[in-house]
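Below is one structure, written out as structure tokens; the observations come after it.
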Amino acid sequence: MPTGMARVLITGSSEGLGLLAAEIIHQEGHAVTLHARNEARAADARAALPDCEAVVVGDVSRLADVRAVARQANALGTFDAVIHNVGIGYQERRRRETPDGVEQVFAVNVLAPYVLTALMHRPRRLVYLSSGMHRGGTPDLADPQWTARRWNGAQAYSDSKLWDVVLAFAIARRWSDVLSNALEPAGCPPAWAAPMPRTT
């Protein structure tokens, strides 16, 4: 690997902001690994960024796939930075459960980055994508799966983004050698973070 090049994994990067971030980071001279939900999206991601280092594949609403993504990532080695971008939005009109019996917004936005963080080789930097809507999140753990409350997609999303912030702070406290951040992409530069760490 050329001197100064960082290796970066971005989840949810077959399209949208994740792919845009990948393109910018690649243009800055770093090696980018993309993530796609399935093989069709992986093919699209490779076509969009043919010089990417690799593409890991898995539907992170399923815990078995989350573990598979972690295995694929670990097989590629240790990354300098992991950007947890994957997420689903606030327009979910009804509560949906994953095959694991977990509410889908929570599974994708909170559980997946938590499990990936736990299973992947520890990087030098972790970035968790939050949202300005986290300010309306409820820190109450009485019903995080929305089994008792009447479903509210916007509130479920806000809650999930608040927990992403909590996760980033918890990791920063537990792993003092890792730069752990949560951020709102709309309020940040296109690359979403300070320059990637340079290797020597």
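The values are calculated or read from the model by the stated rules, or taken from the named source; none is laboratory data. Predicted model, so just to flag it, every value in this text is computed and none were measured. Cβ coordinates were reconstructed from backbone atoms using ideal geometry, including for glycine residues, and neighbour counts include every protein chain displayed.
For segment 121-133, a residue qualifies if it is closer than 30 Å to residue 77 by Cβ and surrounded by 19 or more Cβ atoms within 10 Å (Cβ to Cβ), and the qualifying residues are 123, 125, 126, 127, 128, 129, 130.
Per-residue answers, yes or no, for (1) of a type in the set (Asp, Glu); (2) within 17 Å of residue 123 (Cα to Cα); (3) more than 18 Å from the chain's Cα centre (by Cα):
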residue: 13; (1), (2), (3): no, no, no
residue: 23; (1), (2), (3): yes, no, no
residue: 27; (1), (2), (3): no, no, yes
residue: 41; (1), (2), (3): no, no, no
residue: 56; (1), (2), (3): no, yes, no
residue: 65; (1), (2), (3): yes, no, no
residue: 82; (1), (2), (3): no, yes, no
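The single condition from (1) closer than 16 Å to residue 87 by Cβ; (2) modelled with pLDDT under 95; (3) not small (Gly, Ala, Ser) that residue 128 fails is (2). Mind counting the residues in segment 72-117 that are out of contact with any Phe, Trp or Tyr (no Cβ under 9 Å at 6 or more places or on another chain), among the charged types (D, E, K, R) and touching a residue at least 12 places away in the same chain (Cβ under 8 Å)? Summing the residues that are out of contact with any Phe, Trp or Tyr (no Cβ under 9 Å at 6 or more places or on another chain), among the charged types (D, E, K, R) and touching a residue at least 12 places away in the same chain (Cβ under 8 Å) in segment 72-117 gives 2.
Every condition in (1) outside any loop (DSSP other than H, G, I, E, B); (2) surrounded by 15 or more Cβ atoms within 10 Å (Cβ to Cβ); (3) modelled with pLDDT under 95 holds for residue 167 except the one numbered (3). Restricting the first member to segment 147-159 and to residues that are at pLDDT 90 or above and in a helix (DSSP H, G or I), and the second to residues that are surrounded by fewer than 17 Cβ atoms within 10 Å (Cβ to Cβ) and among the small types (Gly, Ala, Ser), the beta-carbon pairs closer than 9 Å and six or more apart or on different chains are 153/89; 154/136; 155/136; 157/89; 158/136; 159/136. In the condition set (1) part of a loop (DSSP other than H, G, I, E, B); (2) within 17 Å of residue 61 (Cα to Cα), residue 140 is compliant with all but (2).
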